[in-house]
Amino acid sequence: MAADVKLTPLGAMVLALLREGDMHPYEMMRLLRQRRDDRMVKVTNGTFYHTVGRLEREGLIAEVGVDRDGNRPERTTYTLQPAASEVLEEWVRAGLSRTDRSPEFRVALAEAHNLSRAEVTDLITARRAALALQSETIDTALDTASERGVLAQYLIEADRHAALLRAELTWTDGFLDALADASYAWGDDELSTRHRAAKAAQRKAASE
């Protein structure tokens, strides 16, 4: 069943793209690259078409037409099936709860706008609490090691981890402040006319 599908980060990105409208794989790949989303997940023609095929077999997307433009190869256009949005949203929720630096968290963050502002605020707040606990734990461990005379050269990795956690907490606090600001546009419904037009133009360019 679609609800039992184990999405990959790339699969989630495909579903998120199709929430914007029906597309063929070539258009989706061009959009990913134009938006630099291939920084998070390696995208090759082979992996992309494999992902699209798997999503179709799992009943999350379906063909809605095949067209040919001039001498170009035929292009199959896909659309979301009813269960797809729920599957994507559940995947984003799970990804936003992760405290590691996995592709799942990065892609979930990139697709967080598919959830409501309130829900993302709650999820990120809970994640911040988990990060703060990790930060306190490692800081305590570093202090204990130092008191015991452990040389700094043996604590380099732990010290880096502690610094990254502090940076992550600082970024998280800034993001939560932004979400609390009503002027911070969230979701497609809050896009300005100018941004809607820019997004439409980007899609048009990617489809050609």
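Quick notes
- Candidates in the stretch 168-183 are the residues that are among the acidic types (Asp, Glu) and assigned to a helix (DSSP H, G or I); of these, the one that is surrounded by the most Cβ atoms within 10 Å (Cβ to Cβ) is 168.
- Which numbered condition residue 101 fails, given (1) of a type outside the set (Ser, Thr, Tyr); (2) surrounded by 12 or more Cβ atoms within 10 Å (Cβ to Cβ); (3) under 29 Å from residue 37 (Cβ atoms): (2)
- Extreme residue, farthest from residue 21 (Cα to Cα), among residues of the stretch 34-64 that are without any contact (Cβ under 8 Å) to a residue 24 or more places away in the chain and over 19 Å from the mean Cα position of the chain (by Cα): 46
- Condition broken by residue 144, with the remaining ones in (1) among the β-branched types (Val, Ile, Thr); (2) in contact (Cβ under 8 Å) with a residue 24 or more places away in the chain; (3) in a helix (DSSP H, G or I) satisfied: (2)
- Residue in the stretch 184-193 that is part of a helix (DSSP H, G or I), of a type outside the set (Lys, Arg) and open to solvent by less than 60 Å² (accessible area, probe 1.4 Å) present: no
- Only one entry of 31, 18 meets the criterion of being in contact with a strand residue (DSSP E or B) (Cβ under 7 Å, 6 or more places away or on another chain) and in contact (Cβ under 8 Å) with a residue 60 or more places away in the chain, and that entry is 18.
- Qualifying residues in the stretch 147-167 (those that are open to solvent by less than 40 Å² (accessible area, probe 1.4 Å) and part of a helix (DSSP H, G or I)) - the one nearest to residue 115 (Cα to Cα): 165
- Single condition residue 65 does not satisfy, out of (1) open to solvent by less than 70 Å² (accessible area, probe 1.4 Å); (2) modelled with pLDDT of 90 or more: (2)
- Selection within the stretch 110-130 - touching a residue at least 12 places away in the same chain (Cβ under 8 Å), assigned to a helix (DSSP H, G or I) and surrounded by fewer than 16 Cβ atoms within 10 Å (Cβ to Cβ): 119, 125, 126, 130
- Residue 8 more than 23 Å from residue 188 (Cα to Cα), crowded, with 20+ Cβ neighbours inside 10 Å, out of contact with any strand residue (DSSP E or B) (no Cβ under 7 Å at 6 or more places or on another chain) and of a type outside the set (Phe, Trp, Tyr): no
- Total residues in the stretch 167-182 satisfying the condition of being farther than 14 Å from residue 122 by Cα and touching a helix residue (DSSP H, G or I) at 6+ places or on another chain (Cβ under 7 Å): the figure is 2.
The values are calculated or read from the model by the stated rules, or taken from the named source; none is laboratory data. Keep in mind that this is a model prediction, so the values were computed, not measured. Please note: Cβ atoms are built from the backbone with ideal geometry, for glycine as well, and neighbour counts cover all protein chains shown. For the accessible areas, the whole protein counts, side chains as well, though only heavy atoms, and no ligand, DNA or RNA atoms are used. Shrake-Rupley method; radii C 1.70, N 1.55, O 1.52, S 1.80 Å.
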